[in-house]
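Below: one structure, written as structure tokens.
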Amino acid sequence: MPSSTIQVHDKSFEVFISKEKIHERIAELAEQISKDYAGLNPLFIGILNGSFIFASDLFRALSIDAEISFIKLASYKGTSSSGNVITAIGMDENIYQRHIIITEDIVDTGKTMVTFLPELLQRNPASVKIASFLSKPEARQHKIEPDYIGFEIPNKFVVGYGLDYDRLGRNLPDLYIISSNSPEGEV
Ligand code: 5GP
């Protein structure tokens, strides 16, 4: 059993979803995706850094031909009234007429995906779907709904299984949620 309470920087976290539950759920998602995409050779685009563990576990559990590539999204303030702009670093695959499955660690407000999707769609893929390890429906501020969701979680900060708190915690095999008695403040 993992230690049920851990400390990352100044905050304490408790086990929320065990690695066994995570792997069971990923096997189900992989089975569903393998059915939905049989014969289509989908291209997975993993969003770094957070999704690297989810993307590789999901990818290895597939039973169909598929490809994978990783990109990093950098957000900066645009000069136009449209606000933040997102650039995809490492987006060197030709995605024209490809079936794309974006893999994300978590869809929170939905801002990252709502900003990135138009850039992807400009390149005329055959289809685009989102597979997100986690979703926080209560936090949503944009009209984005992942097509494949590992777990829906409450609007609280989580670490582990690829997700970090100020760079630490990504290597924890289980998912941890911030303890209710943890000091308040920005995470
Ligand atoms: P969104 O653009 O949907 O608001 O946020 C997406 C990004 O916020 C995620 O890719 C992730 O990096 C970060 N994020 C949102 N909620 C959490 C959380 O509970 N824990 C961690 N570690 N990152 C989060």
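Nothing in this text is a laboratory measurement; each read-out follows from the coordinates by a stated rule. This structure is a prediction, so every number in the text was calculated from the model and none was measured. Note that each Cβ is placed from the backbone with ideal geometry, even for glycine, and that neighbours are counted across all protein chains shown.
Before moving on, here are some points about what is shown:
- Flag for ALA66 being of a type in the set (A, V, I, L, M), away from the ligand (no atom under 16 Å from the Cβ) and over 17 Å from the mean Cα position of the chain (by Cα): yes
- Checked against (1) farther than 16 Å from SER132 by Cα; (2) under 21 Å from the mean Cα position of the chain (by Cα), ILE101 passes all but condition (1).
- Single residue of GLU20, GLU14, GLU24, GLU31 found to be out of contact with any strand residue (DSSP E or B) (no Cβ under 9 Å at 6 or more places or on another chain) and surrounded by 13 or more Cβ atoms within 10 Å (Cβ to Cβ): GLU31
- Of the strands (runs of 3 or more DSSP E) lying entirely inside segment 86-187, those carrying at least 1 residues that are among the acidic types (Asp, Glu) and crowded, with 18+ Cβ neighbours inside 10 Å are 99-107.
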